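Each remark here refers to the structure printed beneath this line.
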Amino acid sequence: MNAPFAQQAPIDEAPMDPAPHVDAGDETAAERAPAPRAAPERKRRPKRDLDGWVLLDKPVGMTSTQAVGAVKWLFQAKKAGHAGTLDPLASGCLPIALGEATKTVPFVMEGRKVYRFTVRWGVQTDTDDSEGKAIATADERPSREAILSILDEFRGEIEQVPPQFSALKINGERAYDLAREGIEVELVARTVIVHSLDLVEMPDADHAVFETECGKGTYVRSLARDMGQRLGTRGHICALRRTRVGTFAEEELVPLATLREISEAMDDAAPMQALRPVSIGLDTLPSLRVSPADAARLVHGQPIILRGRDAPILEGPVAITAGGRLVALGEAEAGEIHPKRIFHSGK
């Protein structure tokens, strides 16, 4: 069975509550969450069974959990979750799943991410971003030529040590919790994939702007830290924006402020115009159209057999539709499709 199915159970079986937490499923951005603040009083609103995606443009200064809570409240949704943490410093693409879309979260999280980030040279912080305290400084400032000469070392399959402030678990404890208590732990380097890393501009001697496309598990903060050390100086991230997650692009994002304005100016149903179909979370998977009879078998937990000369050759996860409606997530193996997740909304 493919890994995404193995990761789904907690999302599928229990509603995600907006109480402060950090999703450990995606370590690409800084995942430590500050101590929760008391939430303002909110008018109670009836919860609704809603299914779909909200492609949120998360603002700077808000945790991913707070963003999920805000969207969940605006949509009056019973269940919500996000597909990859963005820390408060970061802005940009935060896909938020409502209802049955939460079943597709692991597949979205498997997608590549694109980030644009600014590195400040000469200072290393304990968090590897501007929210931490300085732990080392250097007078050296790298030239454009020096930066370009080392980028290949950070492309492709590389070994990367996560930041001390991260959501990784050490003997059952989050690394960021241990770091807050002043406990230093030795984090083991992990293999990650950086598909591209390019220098965009150098506004001044102290700063450089980069863009990277990377796979799941890559820490952009670690890239900044390690590039600084490789260049004979120090470095940390002072600005970070995620512009893409899988097939979800920056031009599709909706600002949280826009959702709030729509809701306040019209009625509680107004934000529905920003709700995208559940199926967009499966755009990277092969799809299979089946007959109503085969769809019924899958819904009842029975596998179907791919027969005939024209039967598609499939292996792994498959999005299954019938009559233009999303029916199930299946696992193709040895000419059979086994149902793994059933969709009742059909979106």
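The values are calculated or read from the model by the stated rules, or taken from the named source; none is laboratory data. These numbers come from a predicted model, not from an experiment. We place every Cβ from the backbone using ideal geometry, glycine too, and count neighbours over all the protein chains shown.
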Go through (1) touching a residue at least 12 places away in the same chain (Cβ under 8 Å); (2) surrounded by fewer than 21 Cβ atoms within 10 Å (Cβ to Cβ) for residue 201 and report which single condition fails. (1)
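Take the conditions among the hydrophobic types (A, V, I, L, M, F, W, C), touching a helix residue (DSSP H, G or I) at 6+ places or on another chain (Cβ under 9 Å), modelled with pLDDT of 90 or more and not assigned by TED's automatic domain parsing to the domain that holds residue 150 and apply them to residue 256. Does it pass?
yes
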With (1) surrounded by fewer than 16 Cβ atoms within 10 Å (Cβ to Cβ); (2) at pLDDT 95 or above as the list, and residue 182 as the residue in question, which single condition is left unmet? (2)
If residue 216 satisfies all but one of (1) assigned by TED's automatic domain parsing to the domain that holds residue 70; (2) modelled with pLDDT under 95; (3) under 22 Å from the mean Cα position of the chain (by Cα); (4) of a type in the set (D, E, K, R), what's the number of the condition it fails? (1)
One residue from 331, 315 being modelled with pLDDT under 90 and within 28 Å of the chain's Cα centre (by Cα): 315
Say whether the condition of being surrounded by fewer than 23 Cβ atoms within 10 Å (Cβ to Cβ), at pLDDT 95 or above, at positive phi and not assigned by TED's automatic domain parsing to the domain that holds residue 257 is met by at least one residue in region 106-123. yes
Inside region 56-163, counting only strands (runs of 3 or more DSSP E) that do not spill past its ends, which hold 2 or more residues that are of a type in the set (A, V, I, L, M, F, W, C)? 90-98, 113-121, 134-137
Restrict the check to region 239-253 and report whether at least one residue is modelled with pLDDT under 90 and on the phi > 0 side of the Ramachandran plot. no
Starting from residues that are of a type in the set (Lys, Arg) and within 32 Å of the chain's Cα centre (by Cα), keep the ones in region 133-153 and report whichever is surrounded by the most Cβ atoms within 10 Å (Cβ to Cβ). 144
Considering only residues that are assigned to a helix (DSSP H, G or I) and touching an Asp or Glu at 6+ places or on another chain (Cβ under 7 Å), which ones fall in region 281-309? none
